[in-house]
Structures are given as C-alpha cells and as structure tokens.
Amino acid sequence: MGMRAATILLIESKSAGSESLAPALLKANFNVKVAGTGSEAMAWLSTNRSDLVVVDSSSMRSSGVRTCRRLRKKLGDTPIIHCRKEGQLEDRSAEADIYLVQPFTSRKLLNRIRALLPADDLKEEIVRAGNLTFFVSKRSVDVAGHGESRLTPKLAALLSEFLYHPNEVIGRHHLMETVWETDYFGDTRTLDVHIRWIREIIEDNPARPKFLKTVRGVGYIFRIPSDLK
C-alpha cells in the first residue's frame, strides 16, 4: 500500500495581492485546501481533517493570532505554522508551533513542514542519478546499493540542488542564497566544508571526485560519469 500525501490547510487571503503559498505546497506533493478566512477554515475542519495548518497572516488584514488560537483549541496537537509580515510583532500567545517572517523561501517553509510532520505522512520522493539514490523526505543517500547514509538538513538541501540540476554549473553565491538563505558572501568556507562532506559520502575518492566537480572561480557542477548513465 502506498503512502498517502499529507493534507495541509492553508489559510490565506486571496484579495491581498500577495503571492500564494499554495503552488509550492502542491509542487511538493501535498494535498492542499485553501481557506480565505479563519471562519472558512473552521467550517471545513468540521467535516475534514488536516495534518498541518499554515496561517499566512502576511496576506490578511488581521494578525492571525485569534485564528491560530481557535485552531489550537479545535485541533489539539495538530502542527500550526504562523507566517507574519516583517515588522509585525511576534505574539507567542498564538500558540503556533513555528513562526516564520516574510519574506522567506519556499524551501524554508517546506523544511519546517517536513520537520513537523510524522514520517508516515510524507510521500517519499526518490531521485536517482547514476549509482546514487537520494531519498528526499528521509534525507538519506545510497551509493551503489551499499546502504543509506543519513544527511543533515543542510547537506540534504545542498545535494538536492545538484541532483535537480545535473550537468549545470551552480554558482557559490546561488548555493549560499538557496541553502543558507543568506546574501552575505564574505565567508563561504562553510560551503566548502559541506561540499567536502558530500564528497566523502558519495565519492569513491573524495580527493578526485567523479560526480561533484569544482568549477574554479564560479562554483560546482554535478556530472554523472558516462559509465554510470
């Protein structure tokens, strides 16, 4: 029997002109129900269940705090993520599990969602490249069937950037922006360290990598050796 996709209730205003969070959730294979108001969400929950709720108060006229409290009272331990505008005071009385401040990347939102959901609620996405098999939700990689190696969230995010863009040169600044969510490029040694760790996991000889190669002065490229295609 296959795993079911988790259902996420997204509460966001459709009239505020802000960018919807729904496309990123759908692309990540979640079932998504969009409610325009807290009252609409409560009505839907009277006959349906949600595995997680995202309250995007940055798209609303209200702070979303009252909505979060009502949801907590009705749903008990169901995870709630409260998204708010930059500059809007954080109110922990909203009783959300995680608070995010706009703007944030879709990757950051998805990482927070996956951290809150039980493993059984995640539909496993598998990416294969040569003799590598990457299990996205589990954050693990298998090399040539030798067994899975668990990755830290940062290592998994970094490896996925390369696997989703094979044979493309990816700049160091892009990796820092995407994986570390920073626009400070004064010190990228942490990127170098993580690249080394990935090579130690996926390469037979990390000093002479076959997969993850350095493009000097630019960044890195993930190539699949011709004998493994």
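What follows draws every value from the coordinates through simple rules; no lab data is involved. All values derive from a computational prediction rather than experimental measurement. Note that each Cβ is placed from the backbone with ideal geometry, even for glycine, and that neighbours are counted across all protein chains shown.
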Fill in: Bins of 5 Å, starting at 0 and running to the largest distance - Cα pair percent for the chain
1, 6, 13, 16, 16, 13, 12, 10, 7, 5, 2, 0
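Shape call for the stretch 103-220 from the C-alpha gyration tensor, a ≥ b ≥ c root eigenvalues: rounded (a/c under 1.5), prolate (a/b greater than b/c) or oblate? Before the final figure, lay out the partial values.
On the way: a/c = 1.98, a/b = 1.09, b/c = 1.82.
The shape class here is oblate.
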Discussion item. If the reach is capped at under 30 angstrom between alpha carbons, list the lysines near LYS85, excluding any in the same chain fewer than eight residues apart.
Written reply: LYS14, LYS27, LYS33, LYS73, LYS74, LYS108, LYS154
Practice prompt. Rank by packing, highest mean first: peptides 41-53, 163-175, with packing defined as the count of other Cβ atoms within 10 Å averaged across residues.
Written response: 41-53, 163-175
Worksheet, complete the sentence: Surrounding charge for ALA24, neighbours by C-beta under 11 angstrom, Lys/Arg +1, Asp/Glu -1, total +2
Discussion item. About the Cα centre, and with charges only on the beta carbon of Lys, Arg (+1) and Asp, Glu (-1), how big is the dipole of the chain? Nearest 20 debye, please.
Written reply: 240
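What does the charge count around THR47 come to, taking other residues whose C-beta lies under 14 Å from its C-beta (Lys +1, Arg +1, Asp -1, Glu -1)? Can you show the working numbers first?
Details: positive: LYS33, ARG49, LYS74; negative: GLU40.
Around THR47, the charge tally is +2.
Determine the relative contact order of the stretch 7-121: mean sequence separation of Cα pairs under 8 Å and six or more apart, normalised by residue count, in whole percent.
Working: 175 pairs, mean separation 28.2, N = 115.
Rounded, it is 25 percent for the stretch 7-121.
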Worksheet item: Over the C-alpha atoms of the stretch 7-121, what are the Rg and the largest Cα-to-Cα span, Dmax, in Å?
Response: 12.8, 36
Worksheet entry | R0 of 41 Å, Cβ-Cβ distance ARG61-HIS174: FRET efficiency to nearest 0.05 | 0.70
Worksheet item: What FRET efficiency, computed as 1/(1 + (r/R0)^6) with R0 = 35 Å and r the Cβ-Cβ distance, is obtained for ARG208 and GLU181, rounded to the nearest 0.05?
Response: 0.65
